[in-house]
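Have a look at the structure below, then the notes.
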Amino acid sequence: MALTILGIESSCDDTSAAIIRDEYLLSNVMASQEVHRQYGGVIPELASRAHQQNILPVVSEALRQANVTMDEVDAIAFTRGPGLLGSLLVGTSFTKGLAVAADKPIIEINHLQGHILSHFVKVEGGENRQPKFPFLCLLVSGGHTQIVRVDNHLDFEILGHTIDDAVGEAFDKCAKIMGLGYPGGPVIDKLAKEGDPKKFRFAKPNVPELNYSFSGIKTSLLYFLRDQLKEDPQFMENNKADLCASFQRDLIDILMKKLILAVKQTGIKEIAIAGGVSANSGLRNRIEEEGRKRGWNTYLPALKFTTDNAAMIAITGYFRYQRGLFAPLDIAPISRSAEYGD
C-alpha cells in the first residue's frame, strides 16, 4: 500500500511544503522572503511573521499540485530544528493543529538529517542516483559545516565539524565586506567564474582531526583588504572578480583537505555533498574532479534540493515512518541540535 507523507519546512526564512509518495516527489512548494535583503541578513521576527502568512497557502498548494487530500496523507513530517526558534514554532504549531484536525500522526525531523537524505528523493523520469551505504556526506550551509558518516537512512556519525563559523557564513561575510549584498554565496560564485583563483592567498587554519575553522580566513581577508585599500582606494573594485575567485578557492581547499583525509581514514569512497553551499559551482566541480582522480563515486544534489525545502523533510519522514518513529503532540522545537539522534 502506498505511503504518503506531507512535509513542512520552516527552519529559517523559506516556508515550504511537499508531498512524497513511496519516495517519489509529487509536489514541492516554496515561498521565499525577499524582505531580508535590505537588512543584509535574516531578521528572525520578520521571518516568523512571514511564515504565519505563508504556511497555509503553501501547504494547500502542495496538496493541490500533488492531487492529494489530507485523507490520503499517512503522516505529517515537520522540521523540529535546528533553526530560528520563532520560525520553527510556526511550523511546529501549524503541524500540530493540522494533525489534530485531520487525525494524523506527526514526525519530527532534524533539519540537517533532511539535507543529507535529500539524495533519496526520487523524481518521476529522473536519473535518481543514490549513494550506497555507508557513504560520507560533506554537509555545508550557512549555519553548519560537517563531515558525516551515513550507515543507513537514519544512522549518522559526525566525524568532523566546524569549531567556530560555518563555511556559508564565511561566504556571506566576505560578500558583506566587499559590499556585494545578501545572500553573498551566489554572488561570489558568479564573480569567481570571471576571476583568477590563484591571484591572492589568505590564511588557512590548522585545526586537528577532521574539524574545520573559518573565522581566521575571514579575518585574513578583512586585514588584507584594509592594507590594500590604504594604498589604493580602488583596489577592491578593480580586483573584485579575482578576490572572489581566490577566496572561494581557499574555502574549497579547506573543505576538500579534510574530506580527503576522512576518505583515507574510513576507506569509504561513496561521497555526497548537501546543504545550501552544495549549490556552489566551484565546490561541485572540485568534488567531481577529486572523485575522478581518486576513484570516488560522487553525488551532487539537484540545485532545487540544496536550499531549505520540504521535499527533504518529507523523505526523511518517510523513512522514520517505516520505523514507527512518531512524535508526541507536546513536542517543542529546538533551535540547536548537535547530533542526529531520535
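The values are calculated or read from the model by the stated rules, or taken from the named source; none is laboratory data. Note that this is a predicted model, so its numbers are computed, not measured. With ideal geometry, Cβ positions are generated from the backbone for all residues, glycine too; neighbour counts draw on all protein chains shown. Quick note on the areas: whole protein, heavy atoms, side chains included, nothing else; ligands and nucleic acids left out. Shrake-Rupley method; radii C 1.70, N 1.55, O 1.52, S 1.80 Å.
With Cβ to Cβ distances under 13 Å as the rule, what net charge do the other residues near Ala17 carry (K, R +1; D, E -1)?
Spelling it out: positives minus negatives among the neighbours equals -3.
Given points 7 Å out from each Cα along the Cα-Cβ axis, report the Lys132 to Leu229 separation in nanometres with one decimal.
Calculated label separation equals 5.2 nm.
Output the 0 to 90 degree angle, nearest 10, between the alpha-carbon long axis of helix 167-177 and the longest principal axis computed from the alpha carbons of the chain.
Orientation of helix 167-177: about 50 degrees from the principal axis.
Using helices alone, I'd like the mean residue ellipticity at 222 nm for the chain: each DSSP H run of four-plus residues gives -39500 (n - 2.57), total over residue count, nearest 500.
Taken over the chain, the calculation gives -13500 deg cm²/dmol.
Per residue of region 78-93, in order, report the coupling 6.51 cos²θ - 1.76 cosθ + 1.60 (Karplus, θ = phi - 60°) as ³J(HN,Hα) in whole Hz, putting x for Gly and Pro.
Running phi through 6.51 cos²θ - 1.76 cosθ + 1.60 with θ = phi - 60° gives 9, 6, 8, x, x, x, 6, 4, x, 5, 5, 4, 5, x, 5, 5 Hz.
Full-extension gain between Asp22 and Leu222, please, as 0.36 nm times their residue separation minus the C-alpha to C-alpha distance.
My answer for the length gained is 67.1 nm.
Probe radius 1.4 Å, ligands and nucleic acids left out: which of Met256, Met70, Met1 has the largest accessible area, and how do the rest follow? The partial results should precede the final answer.
Working: Met256 0, Met70 35, Met1 225 Å².
Descending order: Met1, Met70, Met256.
Can you return the lysines within cross-link range of Lys257? Criterion is Cα-Cα under 16 Å, with same-chain partners fewer than 8 residues away left out.
Excluding near neighbours in sequence, the set is Lys204, Lys269, Lys293.
Sorted by accessible area with a 1.4 angstrom probe, largest first, how do Asp232, Asp13 fall?
Per-residue accessible area, sorted high to low, gives Asp232, Asp13.
Starting from the 7 Å offset along Cα-to-Cβ, what nm value, one decimal, do you get for the label separation of Gln53 and Lys269?
Going by the 7 Å Cα→Cβ label model, 5.3 nm.
On full extension of the chain, what length is gained from Glu124 through Lys304, given 0.36 nm per residue of separation minus the C-alpha to C-alpha distance? Could the numbers behind the result be given before it?
Details: separation 180, 0.36 × 180 = 64.80 nm, distance 1.51 nm.
Full-extension gain reported as 63.3 nm.
Please report the antiparallel percentage of the DSSP beta bridges confined to region 63-192, to the nearest 5.
70 percent
Just the accessible area per residue of region 67-113, please: how many Å² with a 1.4 Å probe?
The answer is 36 Å² per residue.
Taking all protein chains in place and a 1.4 Å probe, what share, in percent, of the accessible surface of the chain do carbon and sulfur account for?
Values: 7330 of 15030 Å².
With neighbouring chains kept in place, the figure for the chain is 49 percent.
Could you pull out which residues in region 95-110 have an amide N less than 18 Å from a spot 7 Å beyond the Cα of Gln322, following the Cα-Cβ vector?
107-110
Report, to the nearest 10°, how far helix 281-294 tilts away from the longest principal axis of the Cα atoms in the chain, using its own Cα long axis and a range of 0 to 90°.
Approximately 90 degrees, to the nearest 10.
For the pair Leu46/Ser215, report the inter-label distance in nm, with labels modelled 7 Å from Cα in the Cβ direction.
2.8 nm
Provide the percentage of antiparallel DSSP beta bridges, counting only those with both residues in the chain; round to the nearest 5. Before the final figure, lay out each step's value.
Working: 26 of 44 bridges.
Expressed as a percentage, antiparallel bridges in the chain total about 60.
Please give the solvent-accessible surface of Arg80 in Å², to the nearest 10, using a probe radius of 1.4 Å with every protein chain present.
60 Å²
What does the extension gain come out to for Met256 and Asp71, with contour length at 0.36 nm per residue minus their alpha carbon separation?
61.9 nm
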